[in-house]
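**Student:** Please read through the structure below; I'll follow up with questions.
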Amino acid sequence: MSDTTDMSDTNDTPQDLPEGASRRLAELEHGLFTSDLSVNEFLLIKEVGFHPLGFVMGSSIYHTGIQTRKWGQSQELTKLTEAMYNARELAMTRMEEEAAELGADGVVGVRLDVNYYEWGKDAAEFIAVGTAVKAESGVSHRNKLGKPFTSDLSGQDFWTLMQTGHIPQGLVMGTCVYHIAHRGLGATLGSAGQNVELPNFTQALYEARELAMTRMQDEATELGASGIVGVRLEEKSHQWGSHTIEFLSLGTAVVKTSDEVTLPKPTTIISLDN
Amino acid sequence: MSGAPADLPEAAARRFAEGAFTSGLTVPDFAACLQMGLEPVGFVQGYCVMQWKWYGMGGMGLGMGGYGAQYANTGGYSENWACPHGMVSAEHRAWGQNFEQTWVESAWTEGFTSAYGRMVEEAASVGAHGIVGVVDTNQPLSDMGVLEFRVQGTAVRVTDGTPPADEPWTTYLAGQRLAKLVEAGYAPVSIAAGVASVRVWANCITENLTEGSNSMYSMAQPGSEIDQTVKAHSVVRRLARQRVRDQLGHDSLHGAAMATTERELGQGDAELQCILRGNRVRRFKDFDPMPAPVPTVRLL
Amino acid sequence: MTVPAPVGEGLPAPEPVDLKAEMIRATEVVGRSAPGGKGPAKATRMLSDLSIDEELVLHSIGWEPIELVSGVSIHSVPMYVWNWGQGEIEYASAAYARSFARATERIHAECTKAGGRGVVGVHVEWGVHRHHIDVALVGTAVRPVDGNGLSADPVFVSDLSGRDFALLHNAGWEPLGLAAGASFVYAPRRSMGTAVKQKGQNVELTNFTEAMYAARESAMERMQTSALGMEGTGVVEVKVTEGPMDFAHHAVGFTAYGTVVRLRTGEHRHVGARMILPLDDPVLGFDATSLRGS
């Protein structure tokens with residue numbers, strides 16, 4: 001997925017992290033940890049034998065500009081898809097690099113955000129943040145590719161997942177920017193006042209969602225995952241107007257580590273609190 | 001921070017849970033009341049409309065600045081902030097002052113106390129032992145400086161209790177929160193509220209720092225702390241706490257909420273108001289600490 | 001991995017409380033005694049903004065609230081600082097740092113004066129205005145009941161709720177203070193030539209990325225430095241904000257603050273969380289839109 005022509009190297013291996021980052025990470029390596037986990041999450045991570053190392057982040061400001069599109073045709077806008085994917089990849093990879101520098105086994109609670117600023121027309125900032133963690137036992141829990149795993153699981157979900165004998169491998173995503181054809185005037189007038197399916201739209205949305213999910217699954221396969229948990233599909237028009245939508249499918253790829261499920265039998269309760 | 005309700009002031013939590021205007025209690029709160037042996041008897045309320053002016057109400061003799069100005073004497077906190085330069089000019093604010101707006105405070109106190117008193121009267125007239133889930137609000141009725149104080153709650157009777165005292169006890173709490181309060185050994189006495197209002201009449205340095213300007217005559221270090229306004233902030237909060245403390249006797253204040261607002265009036269001037277509300281409570285039995293609670297993770 | 005035995009197991013069940021009888025007694029006590037009369041227990045006049053849940057949890061670890069305390073600081077930002085420039089807006093970053101530090105000092109002082117060991121549940125309110133940056137902190141000072149527990153330790157200030165403070169306490173951690181860091185920068189400008197070349201292409205804007213990244217890292221680093229200064233081992237519940245200023249869209253601010261903690265002695269104590277399956281369908285929580293699966 002790398003097809004842009006430009007002056008600077010962008011979507012191959014990311015550049016060195018900014019100087020500020022190295023300084024900050026050095027402080028963390030000396031034993032201080034930072035985390036945006038709540039106290040509950042912090043305690044639960046410790047329960048499964050992990051310790052937070054530090055708050056890690058990666059970002060990339062990407063120009064997500066133009067792609068010509070045919071007004072009357074439903075199609076994927078591949079250039080934009082690439083751009084959205086590359087930008088998030090860059091942000092995620094930088095975040096992983098920070099985690100790797102800290103010697104982390106993985107990153108939990110990853111959040112992917114997109115920011116728009118007035119001064120960057122057609123540009124958006126893609127940010128990935130999370131808390132890097134490391135197993136206290138010293139045994140490496142990195143993923144199949146030898147990199148720290150990423151996951152958007154909360155501390156509670158991470159604890160529960162570990163109890164079922166699974167471990168996250170990576171946050172996987174698939175994206176597809178789709179343009180939905182505008183209906184011709186004739187077609188619009190013809191169906192006005194009727195309750196009918198709009199085959200154009202149906203087909204377009206189907207295809208777009210499938211593309212996004214398939215790409216996400218491909219990433220999971222690459223990681224050798226046995227499954228994906230917490231899948232969600234987000235649909236946003238960003239700055240392109242309502243006929244162009246980005247379908248983003250996100251989930252956490254997991255792998256089974258043992259057959260032993262240590263989930264204690266849950267106590268059933270009826271809560272009498274508000 | 002997880003679990004927002006634990007940190008909300010009790011009054012706000014109640015207000016959010018409240019349904020339609022005429023119903024005092026939500027279903028869970030109603031159930032909790034019955035569990036405690038409290039029988040709701042009616043929705044009670046008190047109102048009071050006060051004239052409300054932001055600036056001095058007559059007879060305070062405030063000077064307008066410049067040489068020989070009068071410092072206001074309002075009978076409350078007052079601190080002068082004379083300008084350190086020897087300058088005299090129509091544009092140079094040679095003197096400044098922080099002072100307590102006692103007339104604002106008395107007007108607010110009067111409005112609140114009257115509204116509260118009327119609500120209590122209503123409850124006493126139906127033989128209630130107490131009023132739970134009190135909500136107090138004040139809102140402008142029109143732009144002309146008229147403020148309406150409103151205090152309302154649900155009057156309750158204690159099943160099998162001794163005949164009610166002359167004045168029912170009142171509390172912002174209701175439902176489970178009230179039950180836990182009582183279980184912990186606290187008896188609700190009344191709601192308590194205190195207000196403090198401080199006006200900042202800026203001197204030249206405060207004006208310059210607040211506006212970011214750095215005039216030649218300012219003598220203020222750019223980027224320094226704005227002492228006069230900071231002092232006012234500190235005083236207004238301290239006074240509000242003092243007002244409430246004066247009402248407590250030997251009792252304590254539980255579940256308090258302190259709200260401070262600031263109005264910037266231009267040229268560095270400001271008006272600060274701090275209202276502290278809470279539940280006045282009294283120990284009626286020794287505290288019996290509970291064992292450490294069990295931490296759990298929900299599987300939903 | 002075995003699950004440790006849950007806390008509280010093996011203790012005798014607390015005696016059931018007759019709530020109705022308690023309520024009758026409470027009402028009598030209030031009705032009987034003169035306003036401001038003394039109760040049977042020792043009368044400590046406390047002011048607290050903690051909820052009853054927080055107070056109960058605090059008591060379960062042997063601490064109690066005593067006083068409402070606050071600290072405020074406002075620092076000026078000179079004019080023209082927000083006009084377009086390059087790199088970091090130092091006056092703004094410095095004003096934020098100083099306001100936070102002075103406000104913390106003041107609430108710390110109020111706590112000490114009230115005889116507290118620390119402040120919990122601090123509401124942190126900060127605002128960046130065109131010409132000044134304000135920080136206001138309000139919280140409840142707490143101390144061990146009967147003065148047991150930490151005595152030689154310095155007073156702490158933290159935005160942890162009473163509940164989180166108790167949880168960490170049981171796990172062996174103690175809070176030290178609030179650490180904060182901020183960095184304000186001007187958005188970098190693109191030169192005309194670059195702008196034209198980049199139009200129509202999907203590329204990373206390296207200048208912008210570098211500037212924003214650096215500023216974000218800078219804010220976090222300042223927070224870390226502050227934490228190290230308190231000899232902490234970690235910072236929990238870090239809250240990060242970023243965004244352009246309302247009054248100057250080309251200036252972007254990054255802030256981060258959190259509670260600095262360290263292990264009291266020895267190692268972390270596992271809490272032994274128990275899994276529960278509530279059989280609740282909370283009536284108030286039911287929402288028809290959840291049927292749509294969204």
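**Student:** List every residue pair whose Cβ atoms sit under 7 Å apart, with the two residues 6 or more apart in sequence or on different chains, where the first one lies in region C:48-63 and is more than 7 Å from chain B (Cβ to nearest Cβ) and the second, anywhere, is among the β-branched types (Val, Ile, Thr).
**Tutor:** What qualifies is C:50/C:140; C:58/C:142; C:62/C:145; C:63/C:142; C:63/C:145.
**Student:** I'm trying to understand the selection: among the residues of region A:52-68, which are surrounded by fewer than 24 Cβ atoms within 10 Å (Cβ to Cβ) and either more than 7 Å from chain C (Cβ to nearest Cβ) or assigned to a helix (DSSP H, G or I) (or both)?
**Tutor:** A:67, A:68
**Student:** Would it be correct to say that residue B:194 is touching a Leu at 6+ places or on another chain (Cβ under 8 Å) and not hydrophobic (A, V, I, L, M, F, W, C)?
**Tutor:** Yes.
**Student:** Just give me the residues in region A:26-51 being more than 7 Å from every other protein chain (Cβ to nearest Cβ) and of a type in the set (Asp, Glu), in sequence order.
**Tutor:** A:29, A:41
**Student:** Just wondering, is there one or more residues in region C:62-76 that are out of contact with any strand residue (DSSP E or B) (no Cβ under 7 Å at 6 or more places or on another chain) and surrounded by 17 or more Cβ atoms within 10 Å (Cβ to Cβ)? I'd like the intermediate steps shown before the answer.
**Tutor:** Initial filter on region C:62-76 (out of contact with any strand residue (DSSP E or B) (no Cβ under 7 Å at 6 or more places or on another chain)): none.
Checking region C:62-76: not a single residue is out of contact with any strand residue (DSSP E or B) (no Cβ under 7 Å at 6 or more places or on another chain) and surrounded by 17 or more Cβ atoms within 10 Å (Cβ to Cβ).
**Student:** Inside region B:231-256, can you point out the residues that are surrounded by 20 or more Cβ atoms within 10 Å (Cβ to Cβ), under 26 Å from residue C:102 (Cα atoms) and either in contact with a helix residue (DSSP H, G or I) (Cβ under 9 Å, 6 or more places away or on another chain) or of a type in the set (Lys, Arg) (or both)?
**Tutor:** The answer is B:237, B:239, B:241, B:256.
**Student:** Also, quick follow-up: List the strands (runs of 3 or more DSSP E) inside region C:212-294, counting only whole elements, that have at least 2 residues being within 25 Å of the chain's Cα centre (by Cα), modelled with pLDDT of 80 or more and over 19 Å from residue A:29 (Cβ atoms).
**Tutor:** Ranges flagged: C:234-245, C:248-263.
**Student:** For region A:137-156, which positions are part of a loop (DSSP other than H, G, I, E, B) and either on the phi > 0 side of the Ramachandran plot or hydrophobic (A, V, I, L, M, F, W, C) (or both)? Let's see the steps before the verdict.
**Tutor:** Going through region A:137-156, the residues part of a loop (DSSP other than H, G, I, E, B) turn out to be A:137-148, A:151-154.
Once the filter is applied, which keeps residues that are part of a loop (DSSP other than H, G, I, E, B) and either on the phi > 0 side of the Ramachandran plot or hydrophobic (A, V, I, L, M, F, W, C) (or both), region A:137-156 yields A:138, A:139, A:145, A:146, A:153.
**Student:** Related question: Could you check, for region C:72-93, whether at least one of its residues is within 18 Å of the chain's Cα centre (by Cα) and either at pLDDT 95 or above or within 16 Å of residue C:156 (Cβ to Cβ) (or both)?
**Tutor:** Yes, region C:72-93 has at least one match.
**Student:** On to the next question. Looking at region C:202-224 only, could you name the residues that are farther than 27 Å from residue A:122 by Cα and more than 7 Å from chain A (Cβ to nearest Cβ)?
**Tutor:** First pass over region C:202-224, keeping only residues farther than 27 Å from residue A:122 by Cα: C:220-224.
Result: C:222, C:223.
**Student:** Which residues, taken from region A:119-136, are surrounded by fewer than 18 Cβ atoms within 10 Å (Cβ to Cβ) and either among the hydroxyl-bearing types (Ser, Thr, Tyr) or in a strand (DSSP E or B) (or both)?
**Tutor:** Within region A:119-136, just A:135 meets the criteria.
**Student:** Looking at C:117, C:98 in this structure, which one is within 20 Å of the chain's Cα centre (by Cα) and facing chain B (nearest Cβ under 10 Å)? Step through it out loud before you land on a result.
**Tutor:** Numbers: C:117 fails: facing chain B (nearest Cβ under 10 Å).
Just one listed residue meets the conditions, C:98.
**Student:** If you go through region C:245-254 one residue at a time, do you hit one that is within 30 Å of residue A:163 (Cβ to Cβ) and either surrounded by fewer than 19 Cβ atoms within 10 Å (Cβ to Cβ) or of a type in the set (A, V, I, L, M) (or both)?
**Tutor:** no
**Student:** Name the residue, out of A:81, A:4, that is surrounded by fewer than 20 Cβ atoms within 10 Å (Cβ to Cβ) and at pLDDT below 90.
**Tutor:** A:4
**Student:** Would you point out which residue out of C:90, C:67 is among the charged types (D, E, K, R) and in contact with a helix residue (DSSP H, G or I) (Cβ under 9 Å, 6 or more places away or on another chain)?
**Tutor:** Selected residue: C:67, the only one of C:90, C:67 that is among the charged types (D, E, K, R) and in contact with a helix residue (DSSP H, G or I) (Cβ under 9 Å, 6 or more places away or on another chain).
**Student:** Just the residues that are touching a residue at least 24 places away in the same chain (Cβ under 8 Å) and of a type in the set (Gly, Ala, Ser), please, taken from region B:92-130.
**Tutor:** If the condition is that a residue be touching a residue at least 24 places away in the same chain (Cβ under 8 Å) and of a type in the set (Gly, Ala, Ser), then B:94, B:96, B:107, B:111, B:114, B:115, B:117, B:123, B:124, B:127, B:128, B:130 are the ones that fit.
**Student:** Right, something else. Report yes if residue C:157 is of a type in the set (Val, Ile, Thr) and surrounded by fewer than 24 Cβ atoms within 10 Å (Cβ to Cβ), otherwise no.
**Tutor:** The answer is no for residue C:157.
The values are calculated or read from the model by the stated rules, or taken from the named source; none is laboratory data. Being a predicted model, the structure only gives us computed values, none of them experimental. No Cβ is skipped: glycine too gets one built from the backbone with ideal geometry, and neighbour counts run over all protein chains shown.
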